[in-house]
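Novice: First the structure, which I've put down as structure tokens, then a few questions once you've had a look.
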Amino acid sequence: MVLLIDAVKALLGSTVMNWMVLILCIALSVTFTISRIQKDGPIHRFHKKDGWGTGILYYLSAVFAVMVVFNVGPSQIVNDSVGIEAIGLAGSTLLTVTIAGWLVNFLIEFGILEFIGTLMEPIMRKVFKLPGQSAVTAVSAFVAAPAVGVFMTDRLYHENVYTHKEACCVATNFSVVSLGFFALLVTITDTQYMYGKVVISSLVIVFILAAIVIRIPPLSRKKDRYYNGVEQTAAMRKSSKYSKDTMKKAVAASTTKVSQTPYSIFVTSIPGVLSFTVTFVQALATIALFISNYTPFFDWIGMPMVPYLELCQMPDAAAIAPATLVGIAEIALPVMTIAGMNIAPMSIFFVIVLSTVQIIFFTESANAMMQSDLNLKFPELVLIFLIRTLIAIPIVAVFAHVLF
């Protein structure tokens with residue numbers, strides 16, 4: 001999946017991808033406008049979940065994309081560190097979600113999900129109160145992209161595999177950044193030697209956080225109701241136990257699933273994939289990068305975190321404090337804020353790992369969550385981000401002290 005995505009990116013090149021983003025942003029602005037005028041029809045149904053807040057982001061995305069592609073407008077917007085980087089993120093997200101979302105059919109429709117889900121059910125139910133299939137979602141995001149994990153979760157919610165509560169828990173806890181992105185983060189800080197420690201630590205901490213966060217509000221208050229309206233019973237939630245027949249059950253479940261899957265799924269799934277490529281990453285990334293580069297806003301919001309970091313005995317607490325919160329905008333921002341600084345390797349490790357376990361960032365994962373049918377709203381996602389961050393900081397600090 002990752003190799004194919006990278007190959008398509010290399011084949012198209014940045015210029016073609018930028019034009020793709022421009023065309024999509026303009027098209028979305030036009031269709032959104034039509035949907036506000038026409039109260040029926042396919043265009044209205046396509047934008048039925050979009051309010052005026054989303055519409056404004058569509059318009060801003062179109063404006064910013066035009067400015068970057070045609071190199072017109074304020075230099076603070078069209079330069080390499082804001083506009084060009086933002087359109088690059090938008091193009092990368094567009095291709096990743098489109099290609100990976102289509103290939104997810106191999107995981108969802110051809111028995112792998114049922115096989116691993118049956119094997120993992122006793123562990124996932126006991127530790128995370130989730131079906132075994134959620135383990136596959138976590139690994140899929142880890143090897144592809146966070147949006148792929150969200151897309152899989154949305155699909156499985158529609159297929160009544162997850163309840164609304166389970167789907168929200170999986171999306172906000174297991175939509176991990178990809179292995180390739182870990183490499184990018186350590187490259188930005190020129191700490192490639194940390195790669196192994198960062199990846200393993202992040203994966204372990206993500207599962208620790210999941211076991212905690214799903215048991216507290218707001219996720220614990222979500223309804224255990226399936227997409228078709230059926231309420232989940234205690235019997236449905238009961239954890240199975242391992243036995244000598246577990247492997248047989250896993251094979252039976254997977255073969256039954258694949259025997260019922262028509263190959264036409266590769267065609268019929270395309271509309272759902274395309275609806276998930278709806279993106280306002282261009283607007284969000286441009287705004288976030290502009291604020292980061294040209295205002296002290298992120299420095300201000302990081303100030304309350306300094307005492308907390310000092311309590312965790314993190315070196316250079318004042319320098320890394322802004323990096324603890326800016327990741328909500330874009331996952332690479334925390335690392336960018338410390339790149340080139342003369343700070344302790346322990347602190348660099350801390351910032352990289354923390355940014356990868358926060359999960360919620362609006363240039364991709366949170367954007368995908370709001371576009372899904374999970375009904376996760378902006379304020380709720382911000383709250384989950386803050387909860388994850390406050391819980392994660394001491395845990396990541398322990399890993400940092402042990403490893404450094």
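The values are calculated or read from the model by the stated rules, or taken from the named source; none is laboratory data. It should be emphasised that the depicted structure is a prediction, and the values quoted were computed from it without experimental measurement. Glycine gets a Cβ as well: all are built from the backbone with ideal geometry, and neighbour counts include every protein chain shown. All accessible areas refer to the heavy atoms of the entire protein, side chains included, with ligands and DNA or RNA removed. Shrake-Rupley method; radii C 1.70, N 1.55, O 1.52, S 1.80 Å.
Novice: Pop the C-beta distance of Lys241 and Val398 into the FRET formula with R0 = 41 Å and round what comes out to the nearest 0.05. Before the final figure, lay out the partial values.
Specialist: Details: r = 32 Å, r/R0 = 0.79.
Efficiency for this residue pair is about 0.80.
Novice: Which whole-number percent is the relative contact order of segment 1-153 (Cα, under 8 Å, 6+ apart)?
Specialist: Values: 132 pairs, mean separation 33.0, N = 153.
Contact order relative to length: 22 percent.
Novice: Something else: Karplus couplings for segment 190-201 from phi (6.51 cos²θ - 1.76 cosθ + 1.60, θ = phi - 60°), rounded to Hz, Gly and Pro as x?
Specialist: For segment 190-201, the Karplus-derived couplings read 6, 10, 4, 5, 7, 3, x, 4, 5, 5, 5, 4 Hz, x marking Gly and Pro.
Novice: Computed FRET efficiency, Cβ-Cβ of Ile212 and Lys248, R0 45 Å: what is it to the nearest 0.05? Let's see the in-between values first.
Specialist: Details: r = 34 Å, r/R0 = 0.76.
The calculated FRET efficiency here is 0.85.
Novice: Further question on the same structure: With every atom except the alpha carbons ignored, what do you get for Rg and Dmax of the chain, in angstroms?
Specialist: That works out to 21.2, 67 Å for Rg and Dmax.
Novice: Just the accessible area per residue of the chain, please: how many Å² with a 1.4 Å probe? Mind showing how you got there, number by number?
Specialist: Working: 17370 Å² over 404 residues.
Per-residue value: 43 Å².
Novice: While we're on this one: Which semi-axis lengths, in whole Å and largest first, follow from the square roots of five times the eigenvalues of the Cα gyration tensor of segment 96-141? Spell out each step's value before the answer.
Specialist: Numbers: eigenvalues 97, 27, 6 Å².
Three semi-axes, in Å: 22, 12, 6.
Novice: Ok, one more. Of all the Cα-Cα pairs you can form in segment 286-394, what percent are over 17 Å apart?
Specialist: Working: 3056 of 5886 pairs.
When all Cα pairs of segment 286-394 are counted, 52 percent exceed 17 Å.
Novice: What do you get for Rg/Rh over segment 159-311 if you use C-alpha atoms and the Kirkwood form of Rh?
Specialist: On the way: Rg = 21.6 Å, Rh = 20.8 Å.
My calculation of the ratio gives 1.04.
Novice: Right, next: In nanometres, what is the gap between the two model label sites at Leu311 and Ile291, each 7 Å from Cα along Cα-to-Cβ?
Specialist: Placing both labels 7 Å along Cα→Cβ, they lie 2.5 nm apart.
Novice: Could you tell me the relative contact order of segment 313-401? Use alpha-carbon pairs under 8 Å, at least six residues apart, and round to a whole percent. Could you put the intermediate results ahead of the total?
Specialist: Details: 97 pairs, mean separation 28.1, N = 89.
Value for segment 313-401: 32 percent.
Novice: Residue by residue through segment 147-156, what is 3J(HN,Hα) from phi via Karplus (6.51 cos²θ - 1.76 cosθ + 1.60, θ = phi - 60°)? Round to whole Hz and write x for glycine and proline.
Specialist: For segment 147-156, the Karplus-derived couplings read 4, 5, x, 5, 4, 4, 4, 4, 4, 5 Hz, x marking Gly and Pro.
Novice: Continuing with the same structure: Tell me what the chain gives for mean residue ellipticity at 222 nm when only DSSP H runs of n ≥ 4 count, each as -39,500 (n - 2.57), the sum divided by the residue total, rounded to 500 deg cm²/dmol. The partial results should precede the final answer.
Specialist: Values: 24 runs with 280 residues, N = 404.
Per the formula, -21500 deg cm²/dmol.
Novice: How do the peptides 86-92, 362-368 rank, highest first, by the average count of neighbouring beta carbon atoms within 10 Å per residue?
Specialist: Details: 86-92: 24.9, 362-368: 27.0.
Per-residue mean Cβ counts within 10 Å order the peptides as 362-368, 86-92.
Novice: At 0.36 nm per residue, and after removing the present C-alpha to C-alpha distance, how many nm does the segment from Asp373 to Ile43 gain when stretched out fully?
Specialist: Full extension from Asp373 to Ile43 adds 117.1 nm.
Novice: Additional query: Karplus couplings for segment 336-349 from phi (6.51 cos²θ - 1.76 cosθ + 1.60, θ = phi - 60°), rounded to Hz, Gly and Pro as x?
Specialist: Karplus values, whole Hz, x for Gly and Pro: 5, 5, 10, 4, x, 6, 8, 10, 5, x, 4, 5, 4, 4.
Novice: Treating cross-link reach as a plain straight distance, find the aspartates and glutamates whose alpha-carbon is under 16 Å from the alpha-carbon of Lys39, omitting any fewer than eight places away in the same chain.
Specialist: List returned: Asp50.
Novice: Could you give the nm distance between label points at Ala10 and Lys223, where each point is 7 Å from its Cα heading toward the beta carbon?
Specialist: Label at Ala10, label at Lys223, 4.9 nm between them.
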